[in-house]
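What follows is a short report on a single structure.
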Amino acid sequence: MTRTTELDAQYIAHTYARFDVTFVRGEGALLFDDAGRRYIDMGSGIAVSVLGYGNAAWEKAVCEQAHALSHVSNLYYTRPQTELAELLCSRSGMKRAFFGNSGAEANECAIKAARKYSADRHGENVRPVIVSLENSFHGRTLATLAATGQDTFHHDFGPFPEGFAYVPANDIEALRAVLAARPVCAVMLETVQGEGGIEPLKREYLQAVRDLTAQNDALMIVDEVQTGNGRTGTLFSYQRYDWLPDIVTTAKGLAGGLPMGVCLLGEKVENTLTPGSHGSTFGGNPVCAAAALAVQSQLTDELLADVKRKGKYIAAELSELANVKSVSGRGLMLGVESDKDAKELVKALLRRGVVCLTAKNKLRLLPPLTIQWDALEEAVDIIKEELAK
Ligand SMILES: *Cc1c(COP(=O)(O)O)cnc(C)c1O
């Protein structure tokens, strides 16, 4: 026991089953614990630290903005928020941005926008239903939990807000049926299900969802909370296809380590939210927005090409192993299914100085996008050794 673990045991709500390590410092893709031990980060604090730790431009942007102006609320204009909104809209093909502080808040905004879009268009015959996919994850607030198609998260928290329906992923007939039977305003999905086990949806399915939602005047909401910010090798994961969503949400890596989420509203819904209809005290905070601008300026085509190369390297190395059943995912968002218990594997890797995650029964790898090749090779070699044991 250290003072930190004692205080945690006594005073922190018991919502986390933590690994037994206290991190105190980071440098690039390396982390250091309270005993000075070095680790290679293959988790990015759950897809957040896209630029790793101590990135010079990010640090400068955050410190300068904290010095100049940390917060004034959304009663006033602030420069970084508007600059960031312009950049995100121009890079995503969306029209307007609503800033919150997390993925769940970004998705709450998307759900509210979809309901209001329907209310504006259909009046008394409002279509309240949001369809999401089985095995999805959209957040921990009551509405985003309702949208999450995994019962394990639901126990003991009901009743939930009404108006959610679930269909199996990659089953277009199931979606067709629910669109015919229920008053649907939107379909919400992740193009690669993250918490659900790094399961990419099929290209044809996504295209069919786009076509069917458009035909039924329903919105297509793409949750890029985990897949966004360059994680899959494109800025947003839908940018590998030739269609646009109506609403895009992202968070996690958006500000590279500070809390920020955004709901990007496309052409159909750009004027749906009106003054007073939604808001956030902290949303678009100048320090977080400055951090996000520093992240965006480093998510260049070169970096994205590197993300793809690094992802291909990891997948090629690990899929050679006899006891690896599959390597799923894209870019630097990978899931490794093996004959090992994923949780035990992650514990063993942590003891070897490699920080990894799990998603369902898989080992989940989400390293900083800027991880150096030598650190990546070292981590992959250790992961191979542990997998082969
Ligand atoms: C993590 C995640 C969320 C929730 O984000 P929070 O910032 O924890 O609220 C929502 N959707 C997806 C796809 C996620 O991976």
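Numbers for the structure displayed
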| item | result |
| --- | --- |
| Output for segment 266-308, where each listed residue is assigned to a loop (DSSP other than H, G, I, E, B) and not small (G, A, S) | E270, N271, T272, L273, T274, P275, H278, T281, F282, N285, L299, T300 |
| Tally, over segment 336-378, of residues that are within 13 Å of I46 (Cα to Cα) and in contact (Cβ under 8 Å) with a residue 40 or more places away in the chain | 10 |
| Any pair with Cβ under 6 angstrom, 6 or more apart, that starts in segment 32-52 at a residue that is on the phi > 0 side of the Ramachandran plot and touching a residue at least 12 places away in the same chain (Cβ under 8 Å) and ends at one that is in a strand (DSSP E or B) and crowded, with 16+ Cβ neighbours inside 10 Å | G52/G28 |
| Some residue of segment 138-147 being surrounded by 23 or more Cβ atoms within 10 Å (Cβ to Cβ), within 15 Å of the ligand (Cβ to nearest atom), closer than 27 Å to D242 by Cα and of a type in the set (S, T, Y) | no |
| Scan of segment 148-159 for residues that are more than 12 Å from the ligand (Cβ to nearest atom) and not in a helix (DSSP H, G or I), ordered by number | H154, H155, D156, F157, G158, P159 |
| Residues that are without any contact (Cβ under 8 Å) to a residue 40 or more places away in the chain and either crowded, with 22+ Cβ neighbours inside 10 Å or touching a strand residue (DSSP E or B) at 6+ places or on another chain (Cβ under 7 Å) (or both), drawn from segment 164-186 | F164, A165, Y166, V167, P168, A169, A174 |
| Any hit, segment 84-93, residues being closer than 15 Å to V248 by Cα and either of a type in the set (S, T, Y) or in contact with a Gly (Cβ under 6 Å, 6 or more places away or on another chain) (or both) | yes |
| Residue ID - surrounded by the most Cβ atoms within 10 Å (Cβ to Cβ), chosen from residues in segment 118-137 that are in contact with a Ser or Thr (Cβ under 8 Å, 6 or more places away or on another chain) and more than 26 Å from N170 (Cα to Cα) | V126 |
| Qualifying positions in segment 90-126 - outside any helix (DSSP H, G or I), modelled with pLDDT of 95 or more and either among the hydrophobic types (A, V, I, L, M, F, W, C) or away from the ligand (no atom under 12 Å from the Cβ) (or both) | G93, M94, K95, R96, A97, F98, F99 |
| Any chance G311 is modelled with pLDDT under 95, more than 16 Å from the ligand (Cβ to nearest atom) and either part of a loop (DSSP other than H, G, I, E, B) or under 21 Å from D41 (Cβ atoms) (or both) | no |
| Segment 234-253 residues that are farther than 18 Å from A106 by Cα, paired with ones that are assigned to a helix (DSSP H, G or I) (beta carbon under 6 Å, 6 or more apart) | T234/R240; W243/R210 |
| Whichever residue in segment 236-254 is within 12 Å of the chain's Cα centre (by Cα) and over 17 Å from F137 (Cα atoms) and, among such residues, is surrounded by the most Cβ atoms within 10 Å (Cβ to Cβ) | L254 |
| Residue in segment 59-71 that is among the polar types (S, T, N, Q), surrounded by fewer than 16 Cβ atoms within 10 Å (Cβ to Cβ) and not in a helix (DSSP H, G or I) present | yes |
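So that you can scan it fast, the table gives a plain yes or no per residue for (1) within 16 Å of the ligand (Cβ to nearest atom); (2) small (G, A, S):
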{"position": "I12", "(1), (2)": "no, no"}
{"position": "E27", "(1), (2)": "no, no"}
{"position": "G45", "(1), (2)": "yes, yes"}
{"position": "V48", "(1), (2)": "yes, no"}
{"position": "C63", "(1), (2)": "no, no"}
{"position": "T82", "(1), (2)": "no, no"}
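The values are calculated or read from the model by the stated rules, or taken from the named source; none is laboratory data. Worth saying up front: this structure is predicted, and the values here are computed from it rather than measured. Ideal geometry is used to build each Cβ from the backbone, glycine not excepted, and the neighbour counts take in all protein chains shown.
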